[in-house]
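None of the figures in this text is laboratory data; all of them are computed from the coordinates on show. Note that the structure is a prediction, hence the values are computed from the model and not measured.
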Amino acid sequence: MAKQEIKWRLWRVAVFLAALAPLVYWSFQVYQNAAGPEPGRYLLLNIGIGGLWLMLLTLSLTPLSKLTRWKGFALIRRQLGLWTLAYAVLHLCCYALFILGLDWALLGAEIVKRPYIIVGMLALLGLILLGATSNRAAMRKLGKRWKSLHKLAYPILALILLHFFWVVRADMAEWAGYAAVGALLLALRLPPIARTLPRLRYRVVTR
Ligand code: HEM
């Protein structure tokens, strides 16, 4: 195997381990009784925030690869997208297990009490759709429509931010930070700005 290919493999494995590490850490905290009085909620909230981080990281990879032309960013895009989905599914599992106690009959009343759950579910459905169409076969089948479909990532991010906004009761500063990063990432994809990114790199290198 070529040296470069081994390097890319190691890079992908490192990203895999980095995405897995928070889950191991939080589980260990629960195991050690160091996760506070409500370990279930601890997992639910941390995994929710982890999913949001992964979503933002995934969306930052295209602008980063345009700016730097480093192939490594493009190589991990699908992996991080699938990790976002995995965190979202685990977040839902925590909700079902620790909040509902697997009693699905409670879901109706829960949705009335906490309508942001519907918003979260729509975001999860969107992530499932993107995950299911992220492989080469779907890319080939969908052709040009694939790109348009995957632009859904931005409305999905907006749904996640709305879901989070609804949950926040006191400290809006944290939410505003995530929303600002999301708005910046969206701005970077607008055609006039997206077109200038590779040229910006050229200027940085030649100066
Ligand atoms: C599948 C449907 C979903 C359900 C049922 C759900 C449920 C919940 C619940 C019950 C909370 C805690 C509210 C509280 O503090 O009382 C929460 C918070 C949160 N969720 Fe979701 N959620 C869903 C989807 C998602 C998705 C797809 C994401 C992002 C990938 C996400 C990210 C978050 C974030 C960032 C928080 C706030 C965490 C914090 O306050 O520290 N959720 N969700």
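Cα convex hull of the range 93-151: mean projected area in nm², to one decimal?
Here the figure is 5.2 nm², rounded to one decimal.
Give me the one-decimal Kirkwood hydrodynamic radius in Å for the chain, with the sum taken over alpha-carbon pairs.
19.0
If you take the Cα Rg of the range 56-128 and divide it by 2.2 N^0.38 Å, with N the number of residues, what do you get?
Cα Rg divided by the expected 2.2 N^0.38 Å: 1.48.
Work out, in µm²/s and without decimals, the Stokes-Einstein translational diffusion coefficient of the range 97-207 at 20 °C, 1.002 mPa s, Rh from Kirkwood over C-alpha pairs.
125
Can you list which of the DSSP-assigned H helices in the chain have a Cα extent of 27 Å or more along the long axis and an average Kyte-Doolittle score of at least -1.0?
Within the chain the helices that satisfy the rule are 3-31, 39-68.
Taking only DSSP H segments of four or more residues, each worth -39500 (n - 2.57), what value at 222 nm results for the chain once the sum is divided by all its residues, to the nearest 500 deg cm²/dmol?
Only helices count here, giving -26500 deg cm²/dmol.
Three principal axis extents, largest first, for the C-alpha atoms of the range 1-111, in Å?
Rounded to whole Å, the extents work out to 53, 32, 23 Å.
Distance cut-off 20 Å, Cα to Cα: go down the list LYS71/LYS141; LYS66/LYS147; LYS66/LYS151 and report the pairs above it.
The answer is LYS71/LYS141.
May I have the extent of the alpha carbons of the range 1-55 along their three principal axes, as whole Å values ordered from largest to smallest?
Its Cα atoms span 51, 24, 9 Å along the three principal axes.
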